[in-house]
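A short worksheet on the structure shown next.
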Amino acid sequence: MYTTRIFSGVKPTGHLTLGNYLGAIRRWVDVDQHRSDALFCVVDLHALTVDHDPGRVRRLSRQAATLLLAAGLEPELCTLFVQSHVDEHARLSYLLECVATDGEMRRMIQYREKAGRERERGGGVRLSLLTYPALMAADILAYRADEVPVGEDQRQHVELSRDLAVRFNQRYGQTFTVPRATQPTVAARVMDLQDPKSKMGKSHDSGSGIVYLLDEPEVIEKKFLRGVTDSGFDVSYDQEARPGVSNLLEILASCEGTTPQELSGEFSSYAALKRRTADAVVQLLKPVQERHRELAADPGHVDAVLRKGAERARERAKPTVDAAYRAIGLLPPM
Ligand code: AQP
């Protein structure tokens with residue numbers, strides 16, 4: 001019986017990337033599922049906050065679940081499920097919208113960036129993009145999670161979840177655990193290989209700077225070898241002055257279990273650094289890709305894991321969400 005509970009998730013808005021893997025998934029597999037009551041979720045409702053194709057979201061949801069198993073999540077050790085299969089997320093989200101303010105939602109960096117992108121594309125901005133952090137807070141608070149292992153880009157949303165938990169507890173009585181974000185020491189923010197000032201993001205339009213977990217080895221090599229580096233020749237770690245090289249050093253350090261500072265002295269050229277990083281990533285992803293091929297051939301198994309996972313998740317979330325409904329002043333069903 002573990003005393004720590006962990007919750008985290010991935011959005012099926014695109015194919016999973018090296019950023020998702022190094023920033024989040026690898027820790028879930030190697031550490032978190034072995035030391036806690038851990039829940040991992042394909043957060044499909046979040047994929048509806050931007051322009052989407054229904055069939056694609058369904059395919060990507062299944063692919064994300066299959067990849068999480070291929071990466072090494074074990075259904076005997078953790079709970080893997082799809083967000084929309086557990087009604088408690090949406091039920092609690094509304095209550096948290098009644099606790100949050102529109103000002104704090106509008107301050108979220110991800111909202112401002114994504115709303116900007118949607119406007120550039122000429123589309124409207126969905127209201128759900130603004131309220132997304134309330135749903136994300138519901139994802140976490142429904143399980144009374146203590147820890148939320150995420151990449152750096154999600155820290156602000158976890159901070160908001162903390163604020164909402166504290167505010168709810170103060171106003172309506174102790175209901176939620178106040179969660180905290182955890183992030184890896186290296187590769188908490190993997191950058192785009194073509195634009196090392198921007199995060200490697202799965203829903204970005206151009207794929208040439210984004211390494212996807214299912215990219216063929218030759219494609220991975222090509223992406224690294226063609227990646228943007230910085231002016232000058234020395235291979236030193238300086239995220240401000242040398243973002244391209246520093247990103248490669250972070251990725252390589254994460255693959256090899258060392259630090260970018262330690263690695264920086266080992267290279268006399270950018271080409272050598274690119275080559276070794278490409279090789280390290282290919283090796284790291286090889287077993288995941290092989291296992292993915294096997295699992296993709298057996299969708300019945302993945303469905304069974306998700307069905308069982310949703311049951312377990314529901315059992316955990318319902319008492320807390322019911323308690324929140326009572327605490328906030330809603331009459332229990334007669
Ligand atoms: N580049 C990254 N470096 C480190 N960690 C990352 N994560 C995402 N990108 C990086 C972490 O992976 C987990 C799942 O991410 P997500 O599915 O919530 O979102 P996303 O991959 O950032 O993609 P989006 O939101 O669909 O769109 P874009 O592409 O616009 O960002 C999280 O823990 C996240 O921190």
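Working from label points 7 Å from Cα in the Cα-to-Cβ sense, the SER128 to ILE109 distance is 2.5 nm. Just so you know, the averaged projected area of the alpha carbon convex hull for region 212-334 sits at 13.2 nm². Computed from Cα positions, the angle between helix 155-172 and the longest principal axis of the chain comes to roughly 10 degrees. Round to the nearest 0.05 the FRET efficiency obtained for SER268 and ALA241 when R0 = 22 Å and r is the Cβ-Cβ distance. Between SER268 and ALA241 the formula returns 0.70.
Of all beta bridges that DSSP places with both ends in the chain, some 10 percent have antiparallel geometry.
Couplings for region 205-210, taken from phi via the Karplus curve 6.51 cos²θ - 1.76 cosθ + 1.60 with θ = phi - 60°, read 5, 7, x, 6, x, 10 Hz in order; Gly and Pro are left as x. For region 215-276, the convex hull spanned by the alpha carbon atoms encloses 80 Å³ per residue. For region 115-170, the relative contact order is 34 percent, taking Cα pairs closer than 8 Å that sit 6 or more residues apart in sequence and dividing their mean separation by the residue count.
Rg/Rh for region 1-81 stands at 0.99; both radii use Cα atoms, and Rh follows the Kirkwood definition. Label-to-label distance for THR101 and GLU152 is 2.9 nm, based on points extended 7 Å past Cα in the beta-carbon direction.
Model label points for ASP234 and VAL166, set 7 angstrom from Cα along the Cα-to-Cβ axis, are 4.3 nm apart. Based on the Cβ-Cβ distance from THR3 to LYS286, what FRET efficiency comes out when R0 is 45 Å, to the nearest 0.05? Computed FRET efficiency for THR3 and LYS286 comes out at 0.80.
Determine which aspartates and glutamates satisfy two conditions relative to LYS222: a Cα distance under 19 Å, and not lying fewer than 8 residues away in the same chain. Within reach: ASP192, ASP195, ASP205, ASP230, GLU250, ASP279.
Pull out a ≥ b ≥ c, the square roots of the eigenvalues of the alpha-carbon gyration tensor of region 66-134, then state rounded if a/c is under 1.5, prolate if not and a/b is larger than b/c, and oblate in the remaining case. Cα axes put region 66-134 in the oblate bin.
Ranked from largest to smallest solvent-accessible area, with a 1.4 Å probe on the protein heavy atoms, CYS41, CYS255 come out as CYS255, CYS41. When the Debye formula is applied to the Cα atoms of region 142-230, each taken as the same point scatterer, what base-10 log of I(q)/I(0) results at q = 0.12 Å⁻¹? Listed by q, the Debye log ratios stand at -0.54.
Cα-based radius of gyration for the chain, normalised by 2.2 N^0.38 Å, reads 1.02. Using a cut-off of 28 Å between Cα atoms, the listed pairs LYS202/LYS318; LYS197/LYS223; LYS11/LYS197; LYS199/LYS274 include LYS202/LYS318 as exceeding that distance. Against the chain, whose longest principal axis comes from its Cα atoms, helix 109-120 is set at around 80 degrees. Each Cα pair under 8 Å and six or more residues apart adds its separation to the average, and for the chain the resulting relative contact order is 22 percent. Take the Kirkwood radius over Cα pairs of region 271-326, plug it into Stokes-Einstein at 4 °C and 1.567 mPa s, and you get 87 µm²/s for translational diffusion.
Across region 90-182, the volume of the C-alpha convex hull divided among the residues equals 89 Å³ per residue.
Helical runs (DSSP H, four residues minimum) scored at -39500 (n - 2.57) apiece and divided by the length of the chain put the mean residue ellipticity at 222 nm at -16000 deg cm²/dmol.
The values are calculated or read from the model by the stated rules, or taken from the named source; none is laboratory data. Computed from a predicted structure; not experimentally measured. All Cβ positions, even for glycine, are placed from backbone atoms using ideal geometry, and neighbour counts span all protein chains on display. Just the protein is used for accessible areas: all its heavy atoms, side chains included, with ligands, DNA and RNA removed. Shrake-Rupley method; radii C 1.70, N 1.55, O 1.52, S 1.80 Å.
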